[in-house]
Amino acid sequence: MMWLITGGAGYIGAHVVAAMRAAGERVVVLDDLTAGRSDRLPADVPVVRGSVLDRELLGRVLAEHEVAGVVHLAARKQVAESVEQPIRYYEENVHGLAVLLDAVTAAGVRALVFSSSAAVYGMPDVDLVTEDTPCQPMNPYGETKLAGEWLVRAAGRTHGIATACLRYFNVAGAARPELADTGVSNIVPMFFDRVTTGRTPLVFGDDYPTPDGTCVRDYIHVSDLADAHLAAARWLADRPAPGDLTVNVGTGHGVSVREMAELVAEVTGHGGPVAEVAPRRPGDPARVVASAELIAKELGWSARHDVREMVTSAWRGWQHHRGQTG
Ligand code: WQD
């Protein structure tokens, strides 16, 4: 079966491409290459440079490659940027999805996997976040992901497309150094950036109601996340009738910012203080940890890599891209 992977040249997309190809699926990538890099992809994967806002291009790619399923990852994903540019986020993340769904329904595509986020939950006040925990996004990024889920489910129901919305928790690590995240907008690369420039990592607040006072998150290895896409794609492809599935993709295990700082210090081998406390970052929930039960039950998927493997593989990727020896 041929799959279109939108955003397939991005950090997560390239891992999805690798996982699906390793499992024998055929893929074509659509990516506008603003954040993606085609050198993350094997030479024999067709890459179409373009936007999901380009309806005509989408129609052509779906027809020419006889696409039967879509994994939609192309989106903007930075929370702070979404607060500054909400219209751009709605345009690319929601309108882009609407254009894609229009093309998908016209082309007779049967299955769609949508990249959603734990950001749909906002500030959940529960120990483990289940898929039934109320969705109350706290920023335009999270809003666009929730609106995207609504759109995906509505279009799927009406037009007979089997759909899966995957709510990613905090993604880290790399399957290979070349596939690593090159951005510096999440905790692991932000800590690497500090230690490799002679600065101490910052802990944004140590007075949260958590065991060590720092925020707790559920970190998931990008290779595990990619396998979850493969599992969802197969689940959809094998369904006798359309239906939808919305699941958390996390480990069920919380790691504090302080624990992460200690691990980064150990893995990178940089001396000096492990971390210094800075003021809280506005909008940060104290604890966001997934219940990973539903995805295990529905897709038979569970995470296989631990947080040490995430930091170790991310560090190799950081050194590869920055040419640093640590
Ligand atoms: C994790 C924790 C920080 C850097 C965001 C989005 C989410 C998803 C992933 C997706 C927080 C703390 C960080 C630092 C720190 N986005 N921190 N010092 O905010 O949980 O999630 O990115 O597509 O939707 O909301 O991730 O990695 O920014 O932060 O103390 O230098 O680390 O305060 O508690 P976050 P993060």
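Residues that are hydrophobic (A, V, I, L, M, F, W, C), open to solvent by less than 30 Å² (accessible area, probe 1.4 Å), part of a loop (DSSP other than H, G, I, E, B) and within 11 Å of the ligand (Cβ to nearest atom) are absent from segment 175-198. Within segment 208-224, the set of residues being within 13 Å of the ligand (Cβ to nearest atom), under 30 Å from ARG176 (Cα atoms) and open to solvent by 20 Å² or more (accessible area, probe 1.4 Å) comprises just one member, ARG217.
For segment 272-302, a tally of residues being among the aliphatic types (A, V, I, L, M) and within 16 Å of the ligand (Cβ to nearest atom) returns 8. Look at segment 137-150: where a residue is of a type in the set (Gly, Ala, Ser) and a partner is within 11 Å of the ligand (Cβ to nearest atom) and open to solvent by 10 Å² or more (accessible area, probe 1.4 Å), sitting 6+ places away or on another chain with Cβ atoms under 6 Å, you get GLY142/ALA119. The helices (runs of 4 or more DSSP H) found wholly in segment 25-117 and carrying at least 1 residues that are within 19 Å of the chain's Cα centre (by Cα) occupy 79-84, 86-89, 96-107. Of the residues making up segment 155-174, those that are more than 11 Å from the ligand (Cβ to nearest atom), at negative phi and either open to solvent by 40 Å² or more (accessible area, probe 1.4 Å) or assigned to a loop (DSSP other than H, G, I, E, B) (or both) are ARG157, THR158, HIS159, ILE161, ALA174. On the stretch given as segment 1-15, residues that are among the aromatic types (Phe, Trp, Tyr) and open to solvent by less than 10 Å² (accessible area, probe 1.4 Å) total 1.
Applying a threshold of 7 Å to beta carbon distances and a minimum spacing of six or more residues, or different chains, the list of pairs starting in segment 178-191 at a residue that is closer than 13 Å to MET310 by Cα and ending at one that is in a loop (DSSP other than H, G, I, E, B) and open to solvent by 30 Å² or more (accessible area, probe 1.4 Å) reads PRO189/ASP181. Using the structure shown, decide if PRO282 is without any contact (Cβ under 8 Å) to a residue 24 or more places away in the chain, part of a loop (DSSP other than H, G, I, E, B) and farther than 20 Å from PHE169 by Cβ. Judged against the criteria, PRO282 is a match.
Answer yes if at least one residue in segment 6-14 is modelled with pLDDT of 95 or more, touching a helix residue (DSSP H, G or I) at 6+ places or on another chain (Cβ under 6 Å) and closer than 21 Å to ASP102 by Cα, and no otherwise. Within segment 6-14, one or more residues are modelled with pLDDT of 95 or more, touching a helix residue (DSSP H, G or I) at 6+ places or on another chain (Cβ under 6 Å) and closer than 21 Å to ASP102 by Cα. If only residues of segment 16-53 that are touching a residue at least 12 places away in the same chain (Cβ under 8 Å) and hydroxyl-bearing (Ser, Thr, Tyr) are counted, the one that is least open to solvent (accessible area, probe 1.4 Å) is SER51. Pairs linking a residue in segment 256-269 that is within 11 Å of the ligand (Cβ to nearest atom) to a residue that is hydroxyl-bearing (Ser, Thr, Tyr) and open to solvent by less than 60 Å² (accessible area, probe 1.4 Å), with Cβ atoms under 7 Å and 6 or more positions apart or on different chains, are SER256/THR210; SER256/THR214; VAL257/THR214; ARG258/THR214. A single entry from VAL120, VAL152 fulfils the requirement of being in a helix (DSSP H, G or I) and within 16 Å of the chain's Cα centre (by Cα): VAL120.
The values are calculated or read from the model by the stated rules, or taken from the named source; none is laboratory data. Every value quoted in this text rests on a predicted model; they were computed, and no experiment measured them. Here Cβ is always computed from backbone atoms with ideal geometry, including for glycine, and neighbour counts include all displayed protein chains. Note: areas computed on protein heavy atoms with side chains; ligands, DNA, RNA excluded. Shrake-Rupley method; radii C 1.70, N 1.55, O 1.52, S 1.80 Å.
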